[in-house]
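Read-outs throughout are calculated quantities, based only on the coordinates presented, and are distinct from any laboratory measurement. The model shown is predicted, which means the values in this text are computed figures rather than measured ones. Ideal geometry is used to build each Cβ from the backbone, glycine not excepted, and the neighbour counts take in all protein chains shown.
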Amino acid sequence: MRYRSLCVEQLELPLVEPFETSFGVELRRQFLLVSVASSEGLVGWGECVATRDPLYNEESTASAWAFVQENVVPRWRRHPPMSVDGVRRLMQPFRGNRMAKSAIEQAALDLEARASRRSLASWLGGRRRRIEVGVSVGIQSTPTALARRVGAYLEEGYHRIKVKVMPGWDARPLAAIRRAYPAIELWVDANQGYPATAVTSIRAWAERYEVRQVEQPFPERALAAHAALARNASFRVCLDESVVDADSLEEAIRLRAVQSLNVKAGRVGGPLEGIALARRATRSGAVAWVGGMLESGIGRAHSVALASHPVFSLPGDISASRRYYREEILERPFVLNADGTLDVPTGAGIGVELDRRAHRRAVRRRRTYALAP
């Protein structure tokens, strides 16, 4: 593979509705797209899921752009890689910046799969033609409003519901959901919102309202608290922000703090590392699944391809395009099937194409970097 250029674009898309978590409220999604072009004229796409402000982790769209421009592009020009593995080795010396690295790896993967005329799903080892997905519901104005929103998603065809919780917004909203829908598969996600001293209170409402999975209730380094919550619990304890690489996963396994692993390619530095971590987690007895970061259609296509891999056994937080965006940047947005699944694209690469007009409307700035004479 001979790489000719790399392009970074900053886009902004309005969300269908405000999405509130313990990190804050998002009204519009700011993100980066990275594309890599070959000398043969093929283009591969990736999405950087860092947001405008460094709230989920230390990265932001500004820091990701700077990393690409100041570190990746100069090194790429000095040491031109010839494959996805070469691109990964090129970025390896740089610490952190996992979301930016993931976007570049995604673009290189898409390009290589397109060049080989294979779907990215099959290139990654995926076997599923459809993937089961769930939906993540942000904090609402009242418990009653939350129950109504959950009902609407159930009517759309989602079988697994995950709701955001935080101190002061947990037992009452869960009670409202269980009164209305006593038998649904119900997960919660706290995004590190609780202190490590809240083990007893979380266990009480999670067991009372038959929560099947509690995701990242405590700060990312509070593995002992996660392990205490997992001990003899009737629900799974899931880690998200705590696991960013192999070392952090090994520590979580050693402490018995992880029963479920949320794999986000952006958080761990790329899809290939995500698969490796999922394999290690499953060998320890945990389950793995693919999380979501409010991706646009490009990131969603990569997540669908990743989730088609057999190492992932639970419904992912991927959802249909219209869950988050009224106007997608794809020619054919992802649509939820009646059985609560999304189709895995079978075309070359990620198997989707940009809606050029919608894409152009969303772009706020763009820069292309030549990689070869």
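Using just the helices of the chain, give the 222 nm mean residue ellipticity in deg cm²/dmol: DSSP H runs with n ≥ 4 each add -39,500 (n - 2.57), and the total is spread over all residues, rounded to 500. Walk me through the numbers on the way to the answer.
Numbers: 14 runs with 130 residues, N = 373.
About -10000 deg cm²/dmol.
When a/c reaches 1.5 or more, the comparison of a/b and b/c decides; with that in mind, is region 176-304 rounded, prolate or oblate per its Cα gyration tensor?
oblate
Can you tell me how much longer the chain between GLU327 and ARG356 gets when fully stretched, taken as 0.36 nm per residue apart minus their C-alpha distance, in nm with one decimal?
9.2 nm
Using the Cα centre of the chain as the reference point, and only Cβ charges (+1 on K/R, -1 on D/E), how large is the resulting charge dipole? Debye, rounded to the nearest 20. If you can, show how the numbers build up before the last one.
Numbers: 54 positive and 41 negative charges, 101 e Å.
So the magnitude is around 480 debye.
Separation between the ARG364 and VAL335 pseudo-spin-labels, each 7 Å from Cα along Cα→Cβ, expressed in nm?
If labels sit at ARG364 and VAL335, their model points lie 3.2 nm apart.
Fewest Cβ neighbours within 10 Å first, please rank PHE23, PHE31 accordingly.
Result, fewest neighbours first: PHE23, PHE31.
Got the relative contact order for the chain handy, in percent, Cα pairs under 8 Å and 6 or more residues apart?
For the chain, the relative contact order is 23 percent.
Can you tell me the dipole magnitude for region 104-206 around its Cα centre, using point charges on the Cβ only (Lys, Arg +1; Asp, Glu -1), in Debye to the nearest 20?
Dipole of region 104-206, to the nearest 20 debye: 280 debye.
Of the listed values (i) 35; (ii) 26; (iii) 45, grab the one calculated as percent of Cα pairs over 33 Å apart from the structure here.
Answer by label: (ii).
What is the sum of charges around ASN71, taking Lys and Arg as +1, Asp and Glu as -1, for the other residues whose C-beta is under 11 Å from the C-beta of ASN71?
In short, +2.
Toward the positive end of the charge dipole of the chain, about the Cα centre and with charges on Cβ (Lys, Arg +1; Asp, Glu -1), which of ALA145, PHE235, ILE275 goes farthest?
Positive-end residue among those listed: ILE275.
May I ask you to derive the relative contact order of region 123-343, considering only C-alpha pairs under 8 Å and at least 6 residues apart, and to give it as an integer percent?
Relative contact order, region 123-343: 22 percent.
How much net charge surrounds VAL244 when only the other residues with a Cβ under 14 Å from the Cβ of VAL244 are counted, with Lys and Arg +1 and Asp and Glu -1?
-3
About the Cα centre, and with charges only on the beta carbon of Lys, Arg (+1) and Asp, Glu (-1), how big is the dipole of region 1-92? Nearest 20 debye, please.
660 debye
Take GLU331, GLU70 and order them by how many other Cβ atoms sit within 10 Å, fewest up front. List each step's numbers first, then the result.
Values: GLU331 13, GLU70 10.
Fewest-to-most ranking of GLU331, GLU70: GLU70, GLU331.
Please compute the net charge surrounding SER5, taking Lys and Arg as +1 and Asp and Glu as -1 over other residues with Cβ under 14 Å from its Cβ.
Cβ neighbours under 14 Å give a net charge of +3.
Which whole-number percent is the relative contact order of region 1-94 (Cα, under 8 Å, 6+ apart)? Write out the running numbers ahead of the final one.
Details: 126 pairs, mean separation 22.3, N = 94.
Here the relative contact order equals 24 percent.
Just to confirm my numbers, what's the Cα centroid distance between region 106-128 and region 60-103 in Å?
The distance from the Cα centre of region 106-128 to that of region 60-103 comes to 20 Å.
Running a GNM on the chain with Cα contacts under 10 Å, which residue among ALA66, ALA230, ALA362 ends up with the highest mean-square fluctuation?
ALA66
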